[in-house]
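First up is the structure itself, then whatever we jot down about it.
The values are calculated or read from the model by the stated rules, or taken from the named source; none is laboratory data. A quick note: this is a predicted structure, and the numbers were derived from the prediction, not measured. All Cβ positions, even for glycine, are placed from backbone atoms using ideal geometry, and neighbour counts span all protein chains on display. Just so you know, the surface numbers come from the protein's heavy atoms only, side chains and all, with ligands and any DNA or RNA stripped out. Shrake-Rupley method; radii C 1.70, N 1.55, O 1.52, S 1.80 Å.
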Amino acid sequence: MTIDLYYMPGSAPCRAVRLTAKALGVPVNLIQCNLMAGEHMKPEYLKMNPQHTIPTINDNGFSLWESRAILQYLAEKYGKNDALYPKDPAKRAVVNQRLYFDMGTLYHRFGDLYYPMMFGGVTTKDPEKVKKLDEALAFFETFLSNSKFAAGDSMTIADHSLMATVSTIDAVSHDLSRYPNVTRWYAECKKVMDGYDEENGQGAKEFGDWFKSVVKTA
């Protein structure tokens with residue numbers, strides 16, 4: 001039942017997949033895909049994933065990419081129950097909303113602010129982009145005002161996705177202190193997520209160290 005996961009350790013979406021697989025007890029064969037060396041453009045990789053992105057999984061011949069879709073697939077196929085991805089339509093809708101919020105708002109705004117600094121030679125933070133990321137964190141703060149976890153009072157795949165993002169935001173030393181609900185949730189997830197350090201924490205630190213080595217003024 002081992003699944004191949006093509007990944008990079010610092011990638012937040014890749015780490016989200018690792019967290020979900022760990023929670024489900026799904027064995028994963030980790031295959032590092034070095035984007036800088038163009039390994040994602042090899043013909044065999046393009047045949048598996050024409051968009052040549054990571055993470056990508058290969059589950060005994062079935063290939064899938066886009067991390068949130070992978071989380072949903074793993075939970076539906078390998079979950080012993082529906083705790084991580086509820087079958088109840090309303091509860092599942094909230095999990096999905098949080099996943100889409102992570103993809104389209106929180107992680108997107110993080111990338112808008114910090115990726116030009118990592119990859120585009122930008123040396124200072126754009127104040128407007130800082131405001132947009134802080135606004136997204138404020139949204140998440142509100143989501144957590146009436147629940148222990150991202151989509152309710154039990155952990156779901158939404159927490160895995162958002163935890164990978166928030167730990168990356170923290171790793172580049174973006175200030176989270178203004179968001180007490182986020183910092184409370186962040187600390188709790190660190191304690192209770194299966195294999196947090198191995199599957200996510202180490203990779204987040206690697207990303208942060210890389211960022212700080214590239215952006216000396218960060």
Taking segment 83-121 on its own, how many of its residues are among the aliphatic types (A, V, I, L, M) and surrounded by fewer than 16 Cβ atoms within 10 Å (Cβ to Cβ)? 3
Unmet requirement for Thr168, which otherwise passes all of (1) surrounded by fewer than 23 Cβ atoms within 10 Å (Cβ to Cβ); (2) in contact with a Gly (Cβ under 8 Å, 6 or more places away or on another chain): (1)
Answer residue from segment 1-48, given it is without any contact (Cβ under 8 Å) to a residue 24 or more places away in the chain and in a loop (DSSP other than H, G, I, E, B) and is nearest to Asp197 (Cα to Cα) among those: Gly38
Log entry, pairs with first residue in segment 156-167 being at pLDDT below 95 and of a type outside the set (D, E, K, R), second being open to solvent by less than 10 Å² (accessible area, probe 1.4 Å) and not in a helix (DSSP H, G or I), beta carbons closer than 8 Å, six or more apart or on different chains, reads none
So is Asn29 surrounded by fewer than 19 Cβ atoms within 10 Å (Cβ to Cβ) and over 24 Å from Lys190 (Cα atoms) or not? no
Taking the options Glu76, Glu135, Glu141, name whichever one is assigned to a helix (DSSP H, G or I), in contact with a Phe, Trp or Tyr (Cβ under 7 Å, 6 or more places away or on another chain) and open to solvent by 40 Å² or more (accessible area, probe 1.4 Å). Glu76
